[in-house]
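Asker: For reference, the structure I am asking about is given below.
The values are calculated or read from the model by the stated rules, or taken from the named source; none is laboratory data. Predicted, not measured: the structure shown is a model, and the values here were computed from it. Note that we place each Cβ from the backbone using ideal geometry, even for glycine, and neighbour counts take in every protein chain shown. To get the accessible areas, we keep the full protein, side chains included, count just its heavy atoms, and leave off ligands, DNA and RNA. Shrake-Rupley method; radii C 1.70, N 1.55, O 1.52, S 1.80 Å.
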Amino acid sequence: MAGMLLKSLHTLEALDEPTAKWNVPLNDGNHVIEFEHGTATGRRLVRIDGKEIFHRDWMFNLVGDEIFMFNGNKFVIRIDPIPGLKYSYTLWVNGKTYKHFVRSQSKILETWLAKVKNEEYRIVLDKQTQNVWVNREQIETENEFTDDGAEILFSVGDIPATIRTYSSGQKDIGIIYSLYIDDIEIEKEALLKEDEEI
């Protein structure tokens with residue numbers, strides 16, 4: 001009897017889309033976090049990049065925090081009631097709201113998307129550590145100093161790539177980072193657009 005009730009409640013809660021979804025930039029690339037919240041059963045399900053991290057049924061508290069770790073980062077999904085028997089969902093990463101976390105990541109990460117020989121690549125530079133990731137894998141690099149800055153040398157799909165760093169000459173801009181693959185400059189990916197609402 002209880003099994004049939006649970007099954008019928010899950011059928012009622014079946015969603016085509018997750019209840020909440022966030023695109024989180026970490027040093028190894030962007031990760032999509034999806035959260036499903038069943039308001040009849042209290043079910044909570046979290047997926048990261050399509051992989052189920054946890055799944056809980058029959059949570060009697062429909063509100064509260066769901067805490068989990070991923071890639072050394074602490075995530076909290078906060079479920080709060082709002083009028084009309086509805087809920088709001090906010091994501092916190094390492095003690096910061098999602099929006100503030102993305103803004104802080106945009107200050108320490110440079111990200112580029114490139115297509116090389118019909119393959120898509122996401123290249124991420126951590127400006128603090130000078131580590132480089134290609135499609136979520138940290139890669140070996142060589143560093144060289146130049147007359148006007150420095151270069152980080154590596155390969156993307158067997159094609160030579162270089163991240164060139166040089167001073168902008170302006171205090172408020174600081175150091176400029178440019179990616180070249182086979183001597184062609186690649187456009188940066190914005191982690192957070194100026195007018196983006198989160």
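Asker: Just need a number here: residues in the stretch 45-76 that are farther than 26 Å from V102 by Cβ, open to solvent by 90 Å² or more (accessible area, probe 1.4 Å) and under 25 Å from the mean Cα position of the chain (by Cα).
Answerer: Result for the stretch 45-76: 1.
Asker: Check off (1) under 19 Å from N61 (Cα atoms); (2) open to solvent by 60 Å² or more (accessible area, probe 1.4 Å) for I79 and give me the number that stays unchecked.
Answerer: So the condition that I79 fails would be (2).
Asker: Right, next: Filter the stretch 128-148 down to the residues that are touching a Phe, Trp or Tyr at 6+ places or on another chain (Cβ under 8 Å) and surrounded by 15 or more Cβ atoms within 10 Å (Cβ to Cβ), then identify the one that is farthest from S106 (Cα to Cα).
Answerer: Only one residue tops the list, namely T141.
Asker: Which residues, taken from the stretch 105-151, are over 10 Å from N27 (Cα atoms), assigned to a helix (DSSP H, G or I) and touching a Leu at 6+ places or on another chain (Cβ under 7 Å)?
Answerer: S106
Asker: Let me ask something else. Determine the pairs where a residue that is in the same structural domain as N135 (by the TED database), located within the stretch 27-54, has a partner that is among the β-branched types (V, I, T) and part of a strand (DSSP E or B) with Cβ atoms under 9 Å apart, the partner being 6 or more residues away or on another chain.
Answerer: none
Asker: If you check F75, F101, which single one turns out to be outside the structural domain of V24 (by the TED database) and of a type outside the set (S, T, Y)?
Answerer: F101
Asker: Hey, another quick one. Applying the selection to the stretch 49-90, what residues are assigned to a strand (DSSP E or B) and at positive phi?
Answerer: G64
Asker: Collect the residues in the stretch 167-187 that are free of Cβ contacts under 8 Å to residues at least 60 places away in the same chain and aliphatic (A, V, I, L, M), keeping them in residue-number order.
Answerer: If the condition is that a residue be free of Cβ contacts under 8 Å to residues at least 60 places away in the same chain and aliphatic (A, V, I, L, M), then I173, I175, I176, I184 are the ones that fit.
Asker: A follow-up question, please. In the set T97, T90, T41, which member is hydroxyl-bearing (S, T, Y) and at pLDDT below 85?
Answerer: Result: T41 is the single residue among T97, T90, T41 that is hydroxyl-bearing (S, T, Y) and at pLDDT below 85.
Asker: Would you mind stating whether G42 is closer than 23 Å to V24 by Cβ, open to solvent by less than 60 Å² (accessible area, probe 1.4 Å) and small (G, A, S)?
Answerer: Taking the combined requirement at face value, the residue does not satisfy it.
Asker: Quick one: in the stretch 17-39, which of the residues that are of a type in the set (D, E) and outside any strand (DSSP E or B) is surrounded by the fewest Cβ atoms within 10 Å (Cβ to Cβ)?
Answerer: Taking the candidates together, the pick is E17.
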